[in-house]
Amino acid sequence: MSYEPVVSHEAEAGDEFATRLKGYEGQRAAVARVGKDPVNAPMIRHWCEAMGDTNPAYSGPDAIAPPTMLQAWTMSGLSGHTRGTHAYDELLGLLDEAGYTSVVATDCEQEYPRPLRPGDEITYDSVIESVSERKTTKLGTGYFVTTRMDIRVGPDLAGTHRFRILKYAPRHRADLPGRQDRSQKPSRPRPRPVVNRDNADFWEGVQRHRLLIQRCTGCGTLRHPWLPGCNACGGLGWDTVEASGEGTVYSYVVMHHPPFPAFTASDHAADAAGPYAVGLIELAEGVRMLGNVLGVPYDKVRIGLPVQLEFQDCDEELVLPFWRAHGTREMQEAGA
Ligand SMILES: [Zn+2]
């Protein structure tokens, strides 16, 4: 999970409070603990069933645990209440006293240096890795606090789990930008997609207004999002096919709050900074991908709605694929 709050830096020369907060960096957030259960096949099986993950690496005699299960091995259950260290409680208390009384989890990052296998007994501890400068976000002004949990098997580092919260002073709803004038054009650019070596060719295709689907050269299975290997056969070879651009809404959510100025929802001006629909689009080729649904108001999006691919230049650098309800392009061109 990850979302980036809209952040503006505020220079604060000689801020004693900030210096005091910085003093907590490097202090323990949780002392060394032992995992409640060793890594085990039943928990792995339940996880895979819940996630619908059929990767063969997670079963059989040479099974490894799904890397994203990392945090599950550190959880103490409903009965085992986990308490932070004195330093961590003190840091949060200090922020509370200063008026930064609200908290929201913003994102986490994980690394997996060593696979976990059934029978491994894990230990873990956690450190306050960083306290940010004071930042002003859409939610209010506050400080990002990042803790890093290290999960070990014996002396070996098996995984790290970074967890970031924002401790903030909530601003009044009426102050939220975009609330007074909903028809205002977004002043911020859309967040950039995360382009990495696995998906670079997808985004390069989008730049050229071509929607490319990855195809396994071993078994022919199409896949999206882009991955280094095939979930069906494990093969690493792939090529691409170009999507026809036809699809239907497989599912959708409507985003209500908080309004995010970079996301104008659709081409309905009245919706700018208001609620907008995000569709999970099933392409004619069978794979699914996320995208904004255009051409209909957010509350008229329905499962099964036929949509057509439309590339839009969001700004000078960013092209994104959107999905327009069938028959509404003509309406838009006619000025409806
Ligand atoms: Zn395959």
(request) Grab the beta carbon distance between residue 110 and residue 51, set R0 = 25 Å, and tell me the FRET efficiency rounded to 0.05. (result) 0.95
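Check segment 12-171 and count each lysine pair with an alpha-carbon distance under 17 angstrom, considering only pairs eight or more places apart or from different chains. Please list the in-between numbers first.
Working: 22/135; 22/167; 135/167; 138/167.
The result is 4.
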(message) If N is the number of residues in segment 192-236, what value comes out of its Cα radius of gyration divided by 2.2 N^0.38 Å?
(response) 1.18
(message) Accessible area per residue for segment 26-110 in Å², computed with a 1.4 Å probe and the full protein assembly in place, what is it?
(response) 59 Å²
(message) Rounded to the nearest percent, how much of the accessible area of segment 194-242 (1.4 Å probe, protein heavy atoms only) is carbon and sulfur?
(response) 52 percent
(message) Counting C-alpha atoms alone, how compact is segment 12-171: give Rg to one decimal and Dmax as a whole number, in angstrom.
(response) 18.2, 59
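The values are calculated or read from the model by the stated rules, or taken from the named source; none is laboratory data. Bear in mind the structure is a predicted one, so any value in this text is a computation, not a measurement. Backbone-built Cβ (ideal geometry, glycine too); neighbour counts: all protein chains shown. In case anyone asks, the SASA skips ligands and DNA or RNA and just uses the protein heavy atoms, side chains included. Shrake-Rupley method; radii C 1.70, N 1.55, O 1.52, S 1.80 Å.
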